[in-house]
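Notes follow the structure.
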Amino acid sequence: MGEMLSVKNINVYYGSIHAIKDVSFHVDEGEIVTLIGANGAGKTTTMHAISGLLKLKSGEIDYCGQIISKMEAHKIIRLGLAQVPEGRRVFSGLTVQQNLQMGAYTRRDGKEAIANDFDMVYELLPRLKERRSQPAGTLSGGEQQMLAIGRALMCKPKMLLLDEPSMGLSPLLVKEIFKIIRDVNRNGVTVLLVEQNAKMALDIANRAYVLETGTIKMEGEATELANNIEVRKAYLGC
Amino acid sequence: MQFLSYLINGISLGSVYALIALGYTMVYGIAKMLNFAHGDVIMIGSYVIFFAFGSFGLNPILSIVLSMVVCTILGVTLERVAYRPLREAPSLAVLITAIGVSYLLQQVAQLLWTSSPKSFQSVVGLAPISLFNGELTISGETIVTIVACVVIMVGLIWFVNHTPAGHAMLAVSEDRGAAQLMGVNVNATISLTFAIGSALAAVAGALLCSSYPTLQPTTGAMPGIKAFVAAVFGGIGSIPGAFLGGILLGIIENLSKAYISTQLSDAIVFLVLIIVLLVKPTGLLGKKVNVKV
């Protein structure tokens, strides 16, 4: 299995703040890789740099053999690299159905193929089907998270970036969301998962990176890191 | 009967405000900026029609189409040259730039066509109709203006809700970043918004000057401001709001001219705006912005 995404020595600034310092990591095809770290470690900044919402100061990001770090965000998604942003950011005035339709915005492969993916998403996330004609703003937090994932899946991604999907959700819902992520991965989508909930993330990931104040502090197999004393102390609370 | 006549004329004037307000409200909703040069785009468009139709005798429909093309190019160019470089700038910088662009257009018009008022020949060929044994006469301009406004309104709402480009506009207006993540080209969407708003401005200019036939470089300024008021009145960012705000504003203005005072009519219009904003700060149809984390 080849390298799908490779982030090479990137530096990102927020104004004068050096938010990401020389960060490198990679994600292989078919994997679930997680980036864990506390608030302000630079996780979301890294995600925005990959999806093109933020520009790099230096370094390079390759995806499927193509340099994407100089591409505009709306072109990157056309390569099959979708992001579920932090805080879900569903279009609250649009209905569930319209939100999913927005996810398929870049697709030109015909109504039938898109209809099939609607079925696929509704099968994976049956709760969305019940609420298909409701404005997204009226959904609960968990349902909005599902919608954000479903919306990203509508573009037929090869790789999914998930930014804090567990944020603000009850433990039960977190479990459900993580099960969905695992299902999505089993269907052949490579996943890069950013999480503060290190326990859950390490549970489903193959490999993990620990991000601290803008630099990668540790990396390794997820099971390995889950047993690491330092990680246990800092992120797992035991 | 008198009242009905004032009312219909008010609706007609309001239709023009509504068309202009659409440009304000769409640009505000999608680009999050107030394009104060919008009124002056109307003025430029009216000059195009004045020369094409009045001086060169071009077919009135063709003249309007030509004016729409010119205004579209003008609007898109203004956005590209003056506003896009300020996309990440504080909104005050953009606002001041827009006011600057407004003065620039007025001054250029003055240089090109002098400040002396020109007498605009109506583009509407429809004869006035008489109702109730001649007690009520409605001019062709009034009818055409109201019909045009309703048709454009319905078309625009359909466009926004039923086409991919319309959906992209809705998405950008809600969350620019998330729209980009869906693959929406934000710059292209903003350009399209300016194009539509400016084309509507051309239509509004043609209708406005057909009813009020004096054309000079400041012609667009006052209707521009009133349409902005209409957009805020109806709830800025909302397309039906612009329509409702425009029509109501036109009616209020015309009725206060008729029954209260011609001089005070503008003051009354602005007074109503202040009251509405005090009672309902988001305007009549404005959405309350809920921030959910």
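Bear in mind that the values in this text are calculations on the coordinates, not laboratory data. Quick caveat: nothing in here was measured; it's all calculated off a predicted structure. Positions of Cβ are generated from backbone atoms using ideal geometry, with glycine treated the same way; all protein chains shown enter the neighbour counts.
Between the amide H of residue A:212 and those of A:217, distances stay under 5 Å, these residues lying 5 or more places away or on another chain, with hydrogens modeled in the peptide plane. Under 17 Å of direct C-alpha separation, and excluding same-chain neighbours fewer than eight residues apart, residue A:129 reaches these aspartates and glutamates: A:117, A:119, A:143, A:176. Summarising the amide proton neighbourhood of residue A:95: residues at separation of 5 or more, or on other chains, whose placed amide H is nearer than 5 Å comprise A:136. Shape of the protein assembly as shown from its Cα gyration tensor (a ≥ b ≥ c, root eigenvalues): rounded if a/c is under 1.5, otherwise prolate when a/b > b/c, or oblate? Note, shape of the protein assembly as shown comes out prolate.
Normalised by the number of residues in chain A, the average gap of Cα pairs under 8 Å and 6 or more apart makes the relative contact order 27 percent.
The alpha-carbon positions of chain A define a convex hull whose volume is 120 Å³ per residue.
For chain A, a crude dipole built from +1 on the beta carbon of Lys and Arg and -1 on the beta carbon of Asp and Glu, taken about the Cα centre, is about 600 debye to the nearest 20. Span-like helix criteria (full DSSP H runs; alpha carbon extent of at least 27 Å along the helix axis; mean Kyte-Doolittle hydropathy of at least 1.0) are satisfied in chain B by B:2-31, B:91-113, B:140-162, B:186-211, B:239-259.
Taking every alpha-carbon pair under 8 Å whose residues sit at least 6 apart, segment B:71-191 reaches a relative contact order of 14 percent. The mean sequence distance of close C-alpha pairs (under 8 Å, at least 6 residues apart), as a share of the length of segment A:179-232, puts its relative contact order at 24 percent.
Taking every DSSP helix (H) stretch of at least 4 residues in chain A, weighting each as -39,500 (n - 2.57) and dividing the sum by the residue count yields a mean residue ellipticity at 222 nm of -10000 deg cm²/dmol.
The overall shape of segment A:157-204 is prolate: from the C-alpha gyration tensor, with semi-axes ordered a ≥ b ≥ c, the ratio a/c is 1.5 or greater and a/b exceeds b/c. Within segment B:73-150, the chymotrypsin sites (Phe, Trp or Tyr not before Pro) that combine a DSSP coil assignment with at most 14 other C-beta atoms in a 10 angstrom radius are B:132.
Going by a ≥ b ≥ c, the root eigenvalues of the Cα gyration tensor, does segment B:72-205 fall in the rounded group (a/c under 1.5), the prolate group (a/b larger than b/c) or the oblate group? Note, shape of segment B:72-205 comes out oblate. Taking 20 Å as the cut-off for C-alpha to C-alpha distance, list the pairs among A:179/A:199; A:43/A:217; A:8/A:233; B:118/B:226; A:8/A:179; A:8/A:43 that go past it. With Cα atoms farther than 20 Å apart: A:8/A:233; B:118/B:226; A:8/A:179.
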